[in-house]
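The values are calculated or read from the model by the stated rules, or taken from the named source; none is laboratory data. Bear in mind that the values here come from a model prediction, so they are computed numbers and not experimental data. Cβ placement follows ideal geometry from the backbone for every residue including glycine, while neighbour counts extend to all protein chains displayed.
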Amino acid sequence: MKLVFAQEGKIINPAIGNYGQQSGVKTISSLMVNILNTMLLVGAVMLIIAIIWSGIDWMIAGGDKERLQKAQKRLTHAIIGFVILICVFAIANFIGGVFGLGFFKDLKFILPTPEG
């Protein structure tokens, strides 16, 4: 009798990795780390877009003081957002270190690559 793939053992969905295959605490902790990593990555992408957008507005403002002030304000807000983003990352790592939360050691700022 020939075995089919479902009979060989665990089936792991590559899209979700090991979620559901681990203990409850490990699953929740890895989910929290992935959510925080995703939020940091989205924040970094939004920061880059805001800086580019404000730079373009600044260049094409010409002599229009209102448009120049709007571009300067957007750039200032982008820089403040960057500082907040770095502080969130630092605070999460600090809290993980102080309270001994092992799952925060997996918190890394990883950029996606074409290789996966």
## Note on the structure
Taking the range 56-86 and keeping residues modelled with pLDDT under 90, assigned to a helix (DSSP H, G or I) and loosely packed, with under 11 Cβ neighbours inside 10 Å leaves none
### Message
Pairs needed: first member in the range 41-70, in contact (Cβ under 8 Å) with a residue 60 or more places away in the chain; second member anywhere, assigned to a helix (DSSP H, G or I) and of a type in the set (D, E, K, R); C-beta distance under 8 Å; at least 6 residues apart or different chains.
### Response
none
